[in-house]
Amino acid sequence: MKTFHITKPDEAIREQLLHKINNLTKPIGSLGRLEELAVQIGLIQQTDTPALKRPNHIIFAADHGIAAEGVSLSPQAVTWQQTENFMKGGAAINFLCRQHGFELHVVDAGVDYNFSPHLGIIDKKVRCGTHNYLYQAAMTERECKRCLASGAEVVRDVSAGGCNIVSFGEMGIGNTSSSSLWMSCFTGLPLERCVGAGTGLDSAGVSRKYNILREAQNRYRGKGATTDVMRYFGGLEMVMAVGGILQAAELGMIILIDGFIMTNCLLAAARLYPHVLSYAIFGHESGESVHRLLLEHLRAVPLLHLGMRLGEGAGAVCAFPIVDSAVRMMNEMDSFQRAEVTKYF
């Protein structure tokens, strides 16, 4: 298993950061979350003049064997179709990346389809979709290790290109089911509280989905170790995202976290390396009903709540301008002394 060296940012600079923020031409605390973000980013980068360089967005795509059980409203073919659509520029995440200046990378972690090499999809395919975990583990230990290493490799590549802030998305019909099982296993919450509508199931569909997942959970005979749960119930794209998140933290990058699925990937990463949470900014509370419960477990307050439940990393990219504002506050506002303004608080 690939290992990572992730340390908590040095707190020694905190007082310097607070002193600078508190002496900008504004009442103390008046810029709210921007001030909190500025402290977090300053700690990550160990400077009171932080910078955001070449934001990158990485989508990992793969198919799920559990989709054969009808746990999703969408047919499995949507995985490869939408993955191609990302490369053609016609998806929601495409206009959001264009709007906010993100470079987009799409990674085939395990889609059950052969893409044309001319599309430009990054080929990290481990296998053509996971096994159906209603009957057996989704992937082998070796495949799980390979996914972690491949996700880390993609992040190392974007970091080498000058990126210091990264966000992640996913594409994989059935991956809300895997996320629900990870959430239940990793938080200890009853599975019933961790199952939502996914791409739009009605109440009867959610109930059926829950019963299938409960049966899969009851059949699991592992010891519950984090990596065992990851490989047994996970998606190839989800495990790659875990590897990407861990590598980003090791490299001292800012990590923008999206909705339900990516928050579960962060949860898995944090169970392996708790200090990864210091590098994560929660961008968006998903419209997937159980996401709020997961955020509460992590004591996380997202920047946005737009009612979106798209996936793809849309919420993370939408949150970027707020992060950018926090950095601009640090670099573009004058201090009272320099502006020759009397403190008015």
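The values are calculated or read from the model by the stated rules, or taken from the named source; none is laboratory data. Just so it is clear, the structure is predicted and the values come from calculations on it, not from any experiment. Cβ: placed from backbone, ideal geometry, glycine included. Neighbour counts: every protein chain shown.
Residues that are aromatic (Phe, Trp, Tyr): list the helices (runs of 4 or more DSSP H) wholly contained in the range 240-345 that include at least 1 such residues.
Because the criterion is at least 1 residues that are aromatic (Phe, Trp, Tyr), the helices (runs of 4 or more DSSP H) in the range 240-345 that meet it are 260-272, 314-332, 336-339.
Going by the structure shown, is Asp112 more than 27 Å from Leu295 (Cα to Cα), of a type in the set (D, E, K, R), in a strand (DSSP E or B) and in contact (Cβ under 8 Å) with a residue 12 or more places away in the chain?
no
On the given criteria, is Val229 touching a helix residue (DSSP H, G or I) at 6+ places or on another chain (Cβ under 9 Å), part of a helix (DSSP H, G or I) and modelled with pLDDT of 95 or more?
In short, yes.
Condition check ((1) within 30 Å of Arg14 (Cβ to Cβ); (2) of a type in the set (D, E, K, R)) across all residues:
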site: Glu250; (1), (2): yes, yes
site: Met262; (1), (2): yes, no
site: His305; (1), (2): yes, no
site: Glu312; (1), (2): no, yes
site: Gly315; (1), (2): yes, no
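What residue, of Cys97, Cys128, Cys194, Cys163, is farther than 24 Å from Ala319 by Cα, under 19 Å from the mean Cα position of the chain (by Cα) and assigned by TED's automatic domain parsing to the domain that holds Leu266?
Going through Cys97, Cys128, Cys194, Cys163 in turn, the sole match is Cys194.
Can we say Gly120 is over 19 Å from Ile173 (Cβ atoms) and under 23 Å from the mean Cα position of the chain (by Cα)?
yes
With of a type outside the set (Gly, Ala, Ser) and outside the structural domain of Leu236 (by TED's automatic domain parsing) as the only criterion, which of His64, His19 stands out?
Result: His19 is the single residue among His64, His19 that is of a type outside the set (Gly, Ala, Ser) and outside the structural domain of Leu236 (by TED's automatic domain parsing).
Suppose the filter is of a type outside the set (A, V, I, L, M, F, W, C) and either crowded, with 21+ Cβ neighbours inside 10 Å or farther than 23 Å from Asn85 by Cβ (or both); does Asp112 pass it?
No: the conditions fail for Asp112.
Give the residues of the range 1-35 that are closer than 23 Å to Ala280 by Cβ, surrounded by 15 or more Cβ atoms within 10 Å (Cβ to Cβ) and out of contact with any helix residue (DSSP H, G or I) (no Cβ under 8 Å at 6 or more places or on another chain), sorted by residue number.
none
Considering the range 293-308 alone, what residues qualify as being surrounded by 19 or more Cβ atoms within 10 Å (Cβ to Cβ) and either free of Cβ contacts under 8 Å to residues at least 60 places away in the same chain or assigned by TED's automatic domain parsing to the domain that holds Val39 (or both)?
Leu295, Pro302, Met308
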